[in-house]
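Colleague: I have a structure I would like to understand better, so I am pasting it below and will then ask my questions one at a time.
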Amino acid sequence: MLKPQQNETRDLLPLDGFWQFSLDGTNYDREMAVPGSVNDVFADSEVRDHVGVYYYKREIFIPRSFTDKVSLRFGSATHHAVVRVNGEEVGRHKGGYLPFECDITERVTPGTTCEVIVEVDNRLDMTCIPPGQIVELPDGRLRQEYMHDFYNYTGIHRTIYLVNKPERHVCDVRIVAGMDGVCHYEVTQSAPGDVRVTIEEAEVTGTGDKETLTVDKPTLWAPGEGNLYTLRIELLDGESIVDCYREQFGFRTVEVKGHEFLINGKPFYFTGFGMHEDHETLGKAHNDVSVQRDMELLHWIGANSLRTSHYPYAEEWMDYCDRHGIVVIDETPAVGLNMAVAGGILGTTAKKTYSPESVNEKTQAHHADTIRELIARDKNRPSVVLWSIANEPDTTDPDSRAYFEPLAKLARECDPTRPIGYVNVMTSPYDKCHITDLFDVMMINRYYGWYVDAGDLETAKQHFTEELAGWVERFGDKPIIITEYGADTVSGLHSLYNSLFTEDYQVAYLEANSEVFDNCDNVIGEHMWNFADFQTKPGYARVDGNKKGAFTRDRRPKAAARYLRNRWTNENK
Ligand code: GCB
């Protein structure tokens, strides 16, 4: 799905600001800011603890100039949305972190107002990605349970745009451009007609919906070098331009060869973090300056990459990565498909994960939708080098294969140009996992020295080294990225004795883990968990959230941040 844009043929108006807000759809006695998470805003806990639908209402003006195809375009609504204009449903969407668009042309009159109501539902059940369960408590209250540890923030988290685009318009474009300067594009139009496609910086032009353009000695997009080109698509009616759309892209090549990950033919070593869209008060709301701050800190620390754990991030975030040469592992919202892991790494319940009562065919169908929608959104981004189709699913259950095999196939069909992977959980090592062979890269989350061998880093190193040797023996032709390793750390807490939760222990833990990675040739990347401390679900045994950040939640560096900066900037890891 294309991002909306303003240009010579298209117009858009952001609908950010205060909307009327209600928990029952009749009594709009509150206001709620868009974009924003609803949970940390109100002083009482009625909104915070609500399990169900939140109603947003606003009168909007349709400008007189909006006479063509008019739509409402949402960056995301977490987790489900029904959109009504003047009382009529104009669209609905399932899934909390991907965009959707509702055509409202027939419902509105340019130059007049209309009433927009957005019903945002925060409930997660087993058909959802991520999955969850609603438990009815003895006193009739509802409690939302889920199998991931981060807080289930809800709301309209990204900008809503009122969009006007020509009746005949560019629906989509797919661009594949390699380091050889060859750019294949494929335009989808809403109705057939003439087209002119130009790479603006190189002044090469094509006249078909599907063609190949060549740029002589292009300036490559590369890690740390966000060199972008612009593909301008013009739909023509004789001499006149009826629609125009500009899509940025980069010339770069990504390839997995043996146990190496090559970007533009050169071995790439990932340094960086699994992250979260998570901030005090904002929750999961997108905010440009917060993204910019995080990116500046990534640059400072010497990180060249990140994983959008555990859901697709805002498009503005991805644009930033494209512009600044930050390498991205792009993850679907499929986190918590694991009945044995209760939020963190080790749980107690041993229910079967894949069954009609838990992760089932409907979950799989929706999981497939999230793969399609994610790839449709981010397919042209040079920053994206690898798709992660799930985080820490149960893959010890033989039924995991029937669940994942079609999804891996689908991801490859949606994008034959990028490698694919999934992120493996500690309880599913090389001799128990049923799906590793379906993927190009092994991504593994390991907590030796924290959830196991806590406080005993010598044993942790030994166990981790042994496990890596097992992976290499069995799947030695594939690269390994350590997508999580980390230790909860209370900023300001110190000890001479490497006590858990101290800054000293976090540094010692990172040192020990780094030693293990450095001794394994297949390891081609390290993403510490997590970039910053983040909020976790209520009722979960954490002191005000997950404290594994290299930075605190307000982005102050812990000692670990300086350790990583030293490692990642000096050793050129
Ligand atoms: C994991 C999960 C991550 C958790 C982390 C932890 O394995 O992938 O979402 O936050 O462990 O800190 O427990």
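Colleague: Look through 453, 399, 394 and report the one residue that is over 18 Å from the mean Cα position of the chain (by Cα), open to solvent by 10 Å² or more (accessible area, probe 1.4 Å) and more than 16 Å from the ligand (Cβ to nearest atom). First the steps, then the outcome.
Modeller: Details: 453 fails: more than 16 Å from the ligand (Cβ to nearest atom); 394 fails: more than 16 Å from the ligand (Cβ to nearest atom).
None of the other options fit; the residue is 399.
Colleague: May I ask you to say which residue of 187, 163, 135, 197 is surrounded by fewer than 21 Cβ atoms within 10 Å (Cβ to Cβ), of a type in the set (A, V, I, L, M, F, W, C) and in a strand (DSSP E or B)? Show your work before the answer.
Modeller: On the way: 187 fails: surrounded by fewer than 21 Cβ atoms within 10 Å (Cβ to Cβ); 163 fails: surrounded by fewer than 21 Cβ atoms within 10 Å (Cβ to Cβ); 197 fails: surrounded by fewer than 21 Cβ atoms within 10 Å (Cβ to Cβ).
Of the residues listed, the single one that is surrounded by fewer than 21 Cβ atoms within 10 Å (Cβ to Cβ), of a type in the set (A, V, I, L, M, F, W, C) and in a strand (DSSP E or B) is 135.
Colleague: Being more than 29 Å from residue 432 (Cβ to Cβ) and at pLDDT 95 or above is true for just one of 334, 314, 390, 365. Which residue is that? Explain how you work it out, then say what you get.
Modeller: Values: 334 fails: more than 29 Å from residue 432 (Cβ to Cβ); 390 fails: more than 29 Å from residue 432 (Cβ to Cβ); 365 fails: more than 29 Å from residue 432 (Cβ to Cβ).
Result of the check over 334, 314, 390, 365: 314.
Colleague: Further question: What tally of residues in region 315-343 results from selecting those that are open to solvent by less than 20 Å² (accessible area, probe 1.4 Å) and either of a type in the set (D, E, K, R) or closer than 30 Å to residue 360 by Cβ (or both)?
Modeller: Total satisfying the criteria: 15.
Colleague: Of a type in the set (D, E, K, R) and at pLDDT below 95: is that true of residue 379 in this structure? Can you show your working first?
Modeller: Details: of a type in the set (D, E, K, R): yes; at pLDDT below 95: no.
No: the conditions fail for residue 379.
Colleague: Please go through region 20-41 and pick out each residue that is touching a residue at least 40 places away in the same chain (Cβ under 8 Å), open to solvent by less than 10 Å² (accessible area, probe 1.4 Å) and touching an Asp or Glu at 6+ places or on another chain (Cβ under 8 Å).
Modeller: Residue satisfying the conditions is 34 alone.
Colleague: Further, regarding this structure: Residues in region 544-568 that are more than 16 Å from the ligand (Cβ to nearest atom) and at negative phi: how many? Spell out the reasoning first.
Modeller: Of the residues in region 544-568, the ones more than 16 Å from the ligand (Cβ to nearest atom) are 554-557, 559, 561-568.
Those left that are additionally at negative phi: 554, 556-557, 559, 561-568.
Residues in region 544-568 being more than 16 Å from the ligand (Cβ to nearest atom) and at negative phi: 12 in total.
Colleague: Quick one: is residue 417 under 24 Å from the mean Cα position of the chain (by Cα), of a type in the set (Val, Ile, Thr), part of a loop (DSSP other than H, G, I, E, B) and within 16 Å of the ligand (Cβ to nearest atom)? Lay out the reasoning, then the answer.
Modeller: Working: under 24 Å from the mean Cα position of the chain (by Cα): yes; of a type in the set (Val, Ile, Thr): yes; part of a loop (DSSP other than H, G, I, E, B): yes; within 16 Å of the ligand (Cβ to nearest atom): no.
Judged against the criteria, residue 417 is not a match.
Colleague: Conditions first: (1) of a type in the set (Asp, Glu); (2) more than 25 Å from residue 135 (Cα to Cα); (3) within 29 Å of the chain's Cα centre (by Cα). Residue 49 passes all but one, so which condition is the exception?
Modeller: In the conditions (1) of a type in the set (Asp, Glu); (2) more than 25 Å from residue 135 (Cα to Cα); (3) within 29 Å of the chain's Cα centre (by Cα), residue 49 misses (2) alone.
A quick yes/no check of all residues on (1) within 16 Å of the ligand (Cβ to nearest atom); (2) hydroxyl-bearing (Ser, Thr, Tyr); (3) not in a loop (DSSP other than H, G, I, E, B):
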{"residue": "55", "(1), (2), (3)": "no, yes, yes"}
{"residue": "59", "(1), (2), (3)": "no, no, yes"}
{"residue": "64", "(1), (2), (3)": "no, no, no"}
{"residue": "72", "(1), (2), (3)": "no, no, yes"}
{"residue": "82", "(1), (2), (3)": "no, no, yes"}
{"residue": "89", "(1), (2), (3)": "no, no, yes"}
{"residue": "117", "(1), (2), (3)": "no, no, yes"}
{"residue": "127", "(1), (2), (3)": "no, yes, no"}
{"residue": "152", "(1), (2), (3)": "yes, no, no"}
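Colleague: Report, by residue number, each residue of region 286-300 that is open to solvent by less than 10 Å² (accessible area, probe 1.4 Å) and touching a strand residue (DSSP E or B) at 6+ places or on another chain (Cβ under 8 Å).
Modeller: Once the filter is applied, which keeps residues that are open to solvent by less than 10 Å² (accessible area, probe 1.4 Å) and touching a strand residue (DSSP E or B) at 6+ places or on another chain (Cβ under 8 Å), region 286-300 yields 294, 298.
Colleague: Can you tell me which residue among 288, 322 is more than 16 Å from the ligand (Cβ to nearest atom), closer than 24 Å to residue 177 by Cα and modelled with pLDDT of 95 or more?
Modeller: Working: 288 fails: closer than 24 Å to residue 177 by Cα.
Only one candidate passes the filter, namely 322.
Colleague: So residue 97 passes all but one of these: (1) at pLDDT 95 or above; (2) touching a Phe, Trp or Tyr at 6+ places or on another chain (Cβ under 9 Å); (3) part of a loop (DSSP other than H, G, I, E, B); (4) open to solvent by 30 Å² or more (accessible area, probe 1.4 Å). Which condition number does it fail?
Modeller: (4)
Colleague: A further question follows. Of all residues in region 433-450 being within 16 Å of the ligand (Cβ to nearest atom) and part of a loop (DSSP other than H, G, I, E, B), which is nearest to residue 309 (Cα to Cα)?
Modeller: Of region 433-450, the ones within 16 Å of the ligand (Cβ to nearest atom) are 433, 442-450.
In the following step, the residues that additionally are part of a loop (DSSP other than H, G, I, E, B) were identified as 433, 446-447, 449-450.
On the way: 433: 21, 446: 15, 447: 17, 449: 22, 450: 20 Å.
The extreme case among them is 446.
Colleague: Considering only strands (runs of 3 or more DSSP E) fully contained in region 219-282, which possess at least 2 residues that are in contact with a Ser or Thr (Cβ under 7 Å, 6 or more places away or on another chain) and open to solvent by 10 Å² or more (accessible area, probe 1.4 Å)? Write out each step before concluding.
Modeller: Values: elements: 229-237, 240-249, 254-257, 260-263, 270-274.
Where strands (runs of 3 or more DSSP E) fall fully within region 219-282 and carry at least 2 residues being in contact with a Ser or Thr (Cβ under 7 Å, 6 or more places away or on another chain) and open to solvent by 10 Å² or more (accessible area, probe 1.4 Å), they are 240-249.
Colleague: Any residue in region 549-565 that is free of Cβ contacts under 8 Å to residues at least 60 places away in the same chain, assigned to a loop (DSSP other than H, G, I, E, B) and among the charged types (D, E, K, R)?
Modeller: Within region 549-565, none of the residues are free of Cβ contacts under 8 Å to residues at least 60 places away in the same chain, assigned to a loop (DSSP other than H, G, I, E, B) and among the charged types (D, E, K, R).
Colleague: May I ask you to list the residues in region 404-449 that are of a type in the set (Phe, Trp, Tyr), free of Cβ contacts under 8 Å to residues at least 60 places away in the same chain and buried (at least 21 other Cβ atoms within 10 Å of the Cβ)? Walk me through it before giving the result.
Modeller: Start the filter on region 404-449 by keeping residues that are of a type in the set (Phe, Trp, Tyr), which leaves 404, 422, 430, 439, 447-448.
Right, trim to free of Cβ contacts under 8 Å to residues at least 60 places away in the same chain and you get 404, 422, 430, 439.
Once the filter is applied, which keeps residues that are of a type in the set (Phe, Trp, Tyr), free of Cβ contacts under 8 Å to residues at least 60 places away in the same chain and buried (at least 21 other Cβ atoms within 10 Å of the Cβ), region 404-449 yields 404, 422, 439.
Colleague: A further question follows. Scan (1) among the hydroxyl-bearing types (Ser, Thr, Tyr); (2) away from the ligand (no atom under 16 Å from the Cβ); (3) in contact with a Lys or Arg (Cβ under 9 Å, 6 or more places away or on another chain) for the single condition residue 483 breaks and write down its number.
Modeller: It fails just one condition, (2).
Colleague: While we're on this one: Given (1) in contact with a Cys (Cβ under 7 Å, 6 or more places away or on another chain); (2) assigned to a strand (DSSP E or B), identify the lone condition not met by residue 387.
Modeller: That leaves (1) as the condition not met.
Colleague: Let me ask something else about it. Can you find, within region 512-543, the residue that is surrounded by the fewest Cβ atoms within 10 Å (Cβ to Cβ) among those that are away from the ligand (no atom under 14 Å from the Cβ) and part of a loop (DSSP other than H, G, I, E, B)?
Modeller: Ranking the qualifying residues of region 512-543, first place goes to 539.
Colleague: Would you check if residue 505 is within 16 Å of the ligand (Cβ to nearest atom), in contact with a strand residue (DSSP E or B) (Cβ under 8 Å, 6 or more places away or on another chain) and not in a helix (DSSP H, G or I)?
Modeller: Values: within 16 Å of the ligand (Cβ to nearest atom): yes; in contact with a strand residue (DSSP E or B) (Cβ under 8 Å, 6 or more places away or on another chain): yes; not in a helix (DSSP H, G or I): no.
Judged against the criteria, residue 505 is not a match.
Colleague: If you go through region 495-511 one residue at a time, do you hit one that is surrounded by 24 or more Cβ atoms within 10 Å (Cβ to Cβ), touching a helix residue (DSSP H, G or I) at 6+ places or on another chain (Cβ under 7 Å) and not hydroxyl-bearing (Ser, Thr, Tyr)?
Modeller: Quick first cut of region 495-511, residues surrounded by 24 or more Cβ atoms within 10 Å (Cβ to Cβ) only: 505-506, 509.
Filter again for touching a helix residue (DSSP H, G or I) at 6+ places or on another chain (Cβ under 7 Å), leaving 506, 509.
Keeping just the survivors that are not hydroxyl-bearing (Ser, Thr, Tyr) gives 506.
Among the residues of region 495-511, at least one is surrounded by 24 or more Cβ atoms within 10 Å (Cβ to Cβ), touching a helix residue (DSSP H, G or I) at 6+ places or on another chain (Cβ under 7 Å) and not hydroxyl-bearing (Ser, Thr, Tyr), which makes the answer yes.
Colleague: Check residue 481 against each of (1) free of Cβ contacts under 8 Å to residues at least 60 places away in the same chain; (2) assigned to a strand (DSSP E or B) and name the one condition it does not meet.
Modeller: Condition not satisfied by residue 481: (1).
The values are calculated or read from the model by the stated rules, or taken from the named source; none is laboratory data. Everything quoted here is computed from the prediction, not taken from an experiment. Positions of Cβ are generated from backbone atoms using ideal geometry, with glycine treated the same way; all protein chains shown enter the neighbour counts. Each accessible area value is taken on the protein alone, full model and side chains, heavy atoms only, with ligands, DNA and RNA left out. Shrake-Rupley method; radii C 1.70, N 1.55, O 1.52, S 1.80 Å.
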